[in-house]
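Each value in this text was obtained by applying a stated rule to the coordinates, not by laboratory testing. In this text the structure is predicted, and so the values were computed from the model without any measurement.
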Amino acid sequence: DGLSLWLVLLSTLLTPIGVVLMPRSAELLRERSAAALARPVRQLLAIVVPAIIVAVLVIEVVADPLVAAFLGPSYASAAPALRGIVWAAIPWTFFVTLRGLLDAHDLRPLNARNVAAACVVYAGIVGVSSALALAETAYHYAFVASVTVLAGLTLIEAGRALARPLLPEPVVEEPLQP
């Protein structure tokens, strides 16, 4: 559907940033230079996030002709939905940009945990919205809220990764034995 297409396009745009950032992140973390990593991460976000905000604002303004151009005039009624969900692009940018940092810093599946938490938030809001028979826009808000939770958790973990002292040696956990 249209939402998936937009998220795929946004991820495609931002993934190279993460691919470039992750090896450098791992190198700086291996050298115990978390502080040195904080500056380029902030610089990257200072470039990417305003660009995405501008893109979101442009899409808000041109949603009607954009939907008609991409999906055809029979889908013009989808423009309000696009206007509602496009705001998820801003928190999604934080997640896509910073997830490589979390992978490079920690052996724990932090991204998977964060995605699961966002899914729970989405399911909870959708469940309540369905029970209360709220308008379709409630589902759009649920999506934006869940992506915002995902970004918030990612930002918290990235802040921890850049702030805490690193372990002297990498920790390798022993697999569970039956």
> Share of Cα-Cα pairs in the stretch 58-145 beyond 18 Å, in percent?
Replying inline: 58 percent
> From the backbone phi of the stretch 152-161, what are the Karplus-calculated ³J(HN,Hα) couplings (6.51 cos²θ - 1.76 cosθ + 1.60, θ = phi - 60°) in whole Hz, Gly and Pro given as x?
Replying inline: x, 5, 5, 5, 4, 5, 5, x, 5, 4
> Tell me, in nm to one decimal, what length is gained between ILE156 and ALA38 on full extension, where the rule is 0.36 nm per residue of separation less the Cα-Cα distance?
Replying inline: 41.1 nm
> Using the Karplus equation 6.51 cos²θ - 1.76 cosθ + 1.60 (θ = phi - 60°), what ³J(HN,Hα) coupling, rounded to whole Hz, does each residue of the stretch 128-135 give in order, writing x for Gly and Pro?
Replying inline: 5, 4, 5, 4, 8, 6, 6, 5
